[in-house]
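First comes the structure, then the notes that go with it.
The values are calculated or read from the model by the stated rules, or taken from the named source; none is laboratory data. Small disclaimer: the values here were computed from a predicted structure and weren't measured. Positions of Cβ are backbone-derived with ideal geometry, glycine not excepted, and every protein chain shown enters the neighbour counts.
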Amino acid sequence: MIMKDERPLYQLAHEKRLPSRQVLDVVSQFYCYSNYHQYLHIDSEELTSLVHSAYLCNRDVVSELLSIISIDELSALFTPGRLETIHGVKHHLRVALIAGMLNRDASIIKDLILACLLHDSRRLNDKDDIGHGKRAAEFYASKLSLIGPKLIKARGYVPTHQAKILEAIARHDVETQDTHNVLLIALQKADALDRFRLPKLKWWPDSQKSSVHAFSTDELVIGMMMNILIPDSSKVNNLKAELC
């Protein structure tokens with residue numbers, strides 16, 4: 001019988017011994033939190049101030065988005081063993097909320113949120129899992145009109161830009177300089193900004209990256225803020241209570 005390694009995920013990450021199924025523990029979550037201010041080259045008090053300001057500026061948007069996202073339907077997309085992994089329900093919810101905060105275009109916002117809620121849902125593991133985006137797009141290709149209104153509870157909502165939603169899901173895990181599909185670029189950016197949950201600092205978003213995915217300090221703070229508000233280390237079934 002193979003014994004499960006119970007050491008913190010951040011320690012396993014540094015030893016290159018990460019399991020295929022990864023659940024962020026409280027110790028690793030604290031490790032991430034304790035490095036946020038150093039990553040931004042500021043002190044902890046200034047980080048607290050920036051996070052508080054970001055929350056005040058975005059809480060109405062977050063509240064509005066939460067009112068139309070069905071967490072129960074989102075949870076139903078995952079097998080029980082994958083609900084609380086680092087690519088589980090909370091990751092998808094945070095990515096959707098980050099995307100909504102950074103993109104206020106009413107003509108695409110619901111389609112963007114739908115792409116965010118589906119992008120990693122067909123993963124087989126929490127490692128590279130090459131091709132998981134394409135796998136998800138193929139799985140949902142004939143299901144968007146059915147699943148969209150279940151996940152997004154806006155009256156009369158039907159996915160409008162279905163081809164672009166599927167392309168965004170299929171290509172979100174592939175490096176691109178293509179700026180034509182705004183859903184793809186927005187999903188990739190929001191997905192990257194949720195990397196502040198990952199237990200190795202080199203995997204966090206690169207603020208110096210000169211590409212379509214360069215990040216401002218405000219955007220980086222939003223990514224950190226969402227990981228503080230919706231931490232992976234607590235149970236999914238407490239999620240609604242955490243957000244109220």
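Taking the conditions exactly as written (surrounded by 14 or more Cβ atoms within 10 Å (Cβ to Cβ) and touching a His at 6+ places or on another chain (Cβ under 7 Å)), does Leu47 satisfy them or not? Spelling it out, Leu47 is indeed surrounded by 14 or more Cβ atoms within 10 Å (Cβ to Cβ) and touching a His at 6+ places or on another chain (Cβ under 7 Å). For the range 76-94, indicate whether the set of residues that are surrounded by fewer than 16 Cβ atoms within 10 Å (Cβ to Cβ), farther than 20 Å from Arg171 by Cα and touching a residue at least 40 places away in the same chain (Cβ under 8 Å) is non-empty. Yes, the range 76-94 has at least one match. Within the option set Lys90, Lys16, Lys4, being modelled with pLDDT under 95 and within 19 Å of Arg195 (Cα to Cα) holds for one residue only, Lys16.
Consider Asp173 carefully, then state whether it is farther than 19 Å from Leu83 by Cα, surrounded by fewer than 18 Cβ atoms within 10 Å (Cβ to Cβ) and either touching a Ser or Thr at 6+ places or on another chain (Cβ under 7 Å) or modelled with pLDDT under 95 (or both).
Numbers: farther than 19 Å from Leu83 by Cα: yes; surrounded by fewer than 18 Cβ atoms within 10 Å (Cβ to Cβ): no; either touching a Ser or Thr at 6+ places or on another chain (Cβ under 7 Å) or modelled with pLDDT under 95 (or both): yes.
The answer is no for Asp173.
Among all residues of the range 23-30, there is none that is out of contact with any His (no Cβ under 8 Å at 6 or more places or on another chain), under 21 Å from Ile109 (Cα atoms) and not polar (S, T, N, Q).
Looking at the range 103-116, which of its residues are touching a Leu at 6+ places or on another chain (Cβ under 8 Å), closer than 19 Å to Gly223 by Cα and surrounded by fewer than 24 Cβ atoms within 10 Å (Cβ to Cβ)? Selection gives Asn103 alone.
Residues of the range 28-44 that are surrounded by fewer than 16 Cβ atoms within 10 Å (Cβ to Cβ), under 21 Å from the mean Cα position of the chain (by Cα) and free of Cβ contacts under 8 Å to residues at least 40 places away in the same chain: Phe30, Ser34.
Can we say Leu239 is assigned to a helix (DSSP H, G or I) and modelled with pLDDT under 80?
Numbers: assigned to a helix (DSSP H, G or I): yes; modelled with pLDDT under 80: yes.
So Leu239 passes the test.
Among the residues of the range 22-43, are any more than 28 Å from Arg123 (Cβ to Cβ) and of a type in the set (Phe, Trp, Tyr)? Scanning the range 22-43 turns up no residue that is more than 28 Å from Arg123 (Cβ to Cβ) and of a type in the set (Phe, Trp, Tyr). Taking the range 120-169 as the range and being touching a Leu at 6+ places or on another chain (Cβ under 9 Å) and among the small types (Gly, Ala, Ser) as the test, the residues that pass are Ser121, Ala136, Ala137, Ala141, Gly148, Ala168.
All conditions but one from (1) more than 18 Å from the chain's Cα centre (by Cα); (2) closer than 22 Å to Ala192 by Cα; (3) not aromatic (Phe, Trp, Tyr) apply to Ser142; the one that does not is (2).
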